[in-house]
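Only one structure is covered here, and it is reproduced in the block below.
Here, each number is a calculation from the coordinates, and none is a lab measurement. What you are looking at is a predicted structure, and each value in this text was computed from that prediction instead of being measured. Glycine also receives a Cβ, built like all others from the backbone with ideal geometry; neighbour counts cover every protein chain displayed.
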Amino acid sequence: MSPTLLFSMVIAYFLILLVVAWITSRNANNESFFIGNRGSNWMLVAFGMIGTSLSGVTFVSVPGTVGFENFAYFQVIIGNLIGYAVVAFVLLPIYYKMNLTSIYNYLQNRLGFNSYKAGASFFILSRTLGATARLYLVINILHHTILQNFNLPFWVGALVILLMILLYTFEGGVKTIVWTDTLQTACMLIGLVVCVWYILNNLDLSLVEGAKALSDKGYSSIFVTDPTSKNFFLKQIIAGAFISITMTGMDQEMMQKNISVKTLKDSQKNMMTFAFIFMGVVLLFLFLGGLLYLFAQNHGIAATGDDLFPTIALNHMPGIVSIIFIIALISALFPSADGAITALTSSFCIDILGIQRNEALNDKQRKRIRQTVHLIVAAVFLLFVMVFKWANNPSMIGLILKIAGYTYGPLLGLFAFGILSKRTVNDRLVPLIVVAAPLICFVIDKNQKYLFGDFQIGLELLAINGLLTYLGLYAISTKSLKQ
């Protein structure tokens with residue numbers, strides 16, 4: 001496939017995004033940027049959240065895991081559904097009742113100013129690491145398939161992609177992203193369906209026959225019943241619930257879109273609609289993964305893991321399918337990166353700098369500060385993408401979930417303590433607790449063999465981290481006078 005043609009398709013796709021951004025960002029202000037003036041359509045938000053949640057990592061890594069873990073990843077997705085219900089019916093009512101722009105203002109109202117700052121700081125750390133890891137994977141694929149053919153170094157490709165994202169999010173923020181994410185999610189899902197259709201036809205299989213072929217090979221096995229395994233179904237389902245509670249319900253990027261919906265009822269409909277569609281889409285990705293491994297075996301292709309899908313799509317499929325794959329991959333990349341940059345800008349401006357609390361600033365000054373932070377966040381993204389390039393981890397989805405276990409655990413503990421307990425914490429000591437809990441988890445994780453023998457801790461490290469944070473907060477708390 002001609003790199004020039006692929007590059008032309010990417011530019012054309014980006015120009016379409018710019019047109020959408022121009023239309024949606026007219027007369028935009030800080031309120032538009034942060035929460036879309038609370039006028040977003042819940043159906044558009046639900047559909048666009050699929051693209052944000054899946055990202056380029058899911059697009060490439062989830063199919064690649066099938067060769068090693070079969071459909072075991074779907075156990076996490078089952079747990080996600082439970083977690084999304086908690087977000088819809090426990091967290092969203094709180095956020096709407098308090099009319100929040102930043103969800104971490106809840107921590108200030110409930111626990112104190114230091115708790116609020118600690119929660120916002122951990123979100124910034126979590127989203128920066130997670131989003132740049134996702135961004136790196138897709139940029140790396142684009143570099144190998146397109147950009148290196150023009151003798152461009154990796155960092156130039158990363159810079160160009162980030163500049164593209166800046167161009168269409170700089171003014172409109174959430175108001176623009178709701179629409180661009182909808183477009184990009186549609187393109188990503190079309191690419192997924194086309195790839196499934198092509199491989200089934202190439203292998204001369206119907207949908208039912210494809211499912212049977214995967215079953216015969218053992219690829220479609222979902223549940224792991226060995227309690228000592230890190231993929232044991234109960235551990236994975238529990239971990240999946242906590243992952244969606246924290247990485248969606250306690251994440252400013254995901255909630256920023258939800259609270260941009262006008263009413264709580266519509267926001268809840270958005271969340272649960274998204275949850276069920278998300279399950280179906282991930283199942284289709286796993287099905288595609290099994291088909292890719294069958295295709296690779298039939299054609300003597302040695303690629304596995306994160307390299308499997310790109311290798312087959314770009315080297316062993318017709319040109320039109322390769323173009324669709326690249327557009328779908330870009331469509332998976334942009335919703336996770338643009339939302340993360342916008343949410344991090346919002347959180348840093350509101351939670352760390354406090355521009356909405358500072359009455360000495362006028363709207364023009366607030367906008368200038370917000371735009372400066374937006375540029376700085378993009379520069380930080382470029383830096384971390386280069387760090388991940390240097391690290392070159394072979395399975396990015398595993399790395400991202402591992403990072404989440406350490407960085408989202410304190411958020412889980414803070415919110416859980418605020419909601420489930422009526423006690424008053426010593427706010428000055430909260431930063432020590434939220435730093436100590438991940439450090440203890442790191443020690444536990446590195447000494448699993450010595451501590452637990454054959455028993456393996458996997459994704460449930462997030463829940464352990466949250467529990468340690470909760471217990472630490474309890475230890476520095478007293479009975480509430482209000483109680």
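Applying a 10 Å radius around every beta-carbon, put 212-219, 412-419 in order of their mean neighbour count, most first. Please list the in-between numbers first.
Working: 212-219: 15.1, 412-419: 22.9.
By packing density, highest mean first, the sequence is 412-419, 212-219.
Please report, in Å, the Rg and the Dmax of the range 309-441, where both are computed over Cα atoms only.
Considering the range 309-441 through its Cα atoms, Rg and Dmax are 20.5, 63 Å.
In whole Hz and in residue order, list the ³J(HN,Hα) couplings for the range 309-322 that follow from phi through the Karplus curve 6.51 cos²θ - 1.76 cosθ + 1.60, θ = phi - 60°; x for Gly and Pro.
4, x, 4, 5, 5, 9, 10, 10, 10, x, x, 5, 5, 4
At 0.36 nm per residue, and after removing the present C-alpha to C-alpha distance, how many nm does the segment from residue 22 to residue 297 gain when stretched out fully? Please list the in-between numbers first.
Numbers: separation 275, 0.36 × 275 = 99.00 nm, distance 4.67 nm.
Gain on stretching residue 22 to residue 297: 94.3 nm.
I need 359, 209 ordered by Cβ neighbour count within 10 Å, fewest first. Could you put the intermediate results ahead of the total?
Working: 359 6, 209 12.
Least to most surrounded, the residues fall as 359, 209.
Report the label-to-label distance for residue 449 and residue 109 in nanometres (one decimal), using points 7 Å from each Cα along the Cα→Cβ vector.
About 5.0 nm separates the two model spin labels.
Would you mind computing, in nm to one decimal, how far apart the modelled labels at residue 163 and residue 68 are, each placed 7 Å from Cα along Cα→Cβ?
Placing both labels 7 Å beyond Cα along the Cβ direction yields 3.6 nm.
Taking the number of other C-beta atoms within 10 Å as the exposure measure, put 110, 357, 423, 127 in order starting with the fewest. Kindly include the intermediate steps, with their values, before the conclusion.
Details: 110 20, 357 10, 423 16, 127 25.
Ascending Cβ contact count within 10 Å gives the list 357, 423, 110, 127.
Before rounding to the nearest 500, sum -39500 (n - 2.57) across all DSSP H runs of length at least 4 in the chain and divide by the residue total; then give [θ] at 222 nm in deg cm²/dmol.
Details: 21 runs with 353 residues, N = 483.
It comes out at -24500 deg cm²/dmol, rounded to the nearest 500.
Over all distinct alpha-carbon pairs, what is the Kirkwood Rh of the range 3-392 in angstrom? List each step's numbers first, then the result.
Working: mean 1/r = 0.0465 Å⁻¹.
One decimal place: 21.5 Å for the Kirkwood radius.
Nearest 0.05, what FRET efficiency do residue 380 and residue 206 give at R0 = 41 Å with Cβ-Cβ as r? Walk me through the intermediate numbers first.
Values: r = 48 Å, r/R0 = 1.18.
Result of the calculation: an efficiency of 0.25.
To the nearest 0.05, how large is the calculated FRET efficiency for residue 4 and residue 436 if R₀ is 60 Å and r is the Cβ-Cβ distance? Please report the intermediate quantities before stating the final value.
Working: r = 54 Å, r/R0 = 0.90.
Step by step, r from the Cβ atoms, then E = 0.65.
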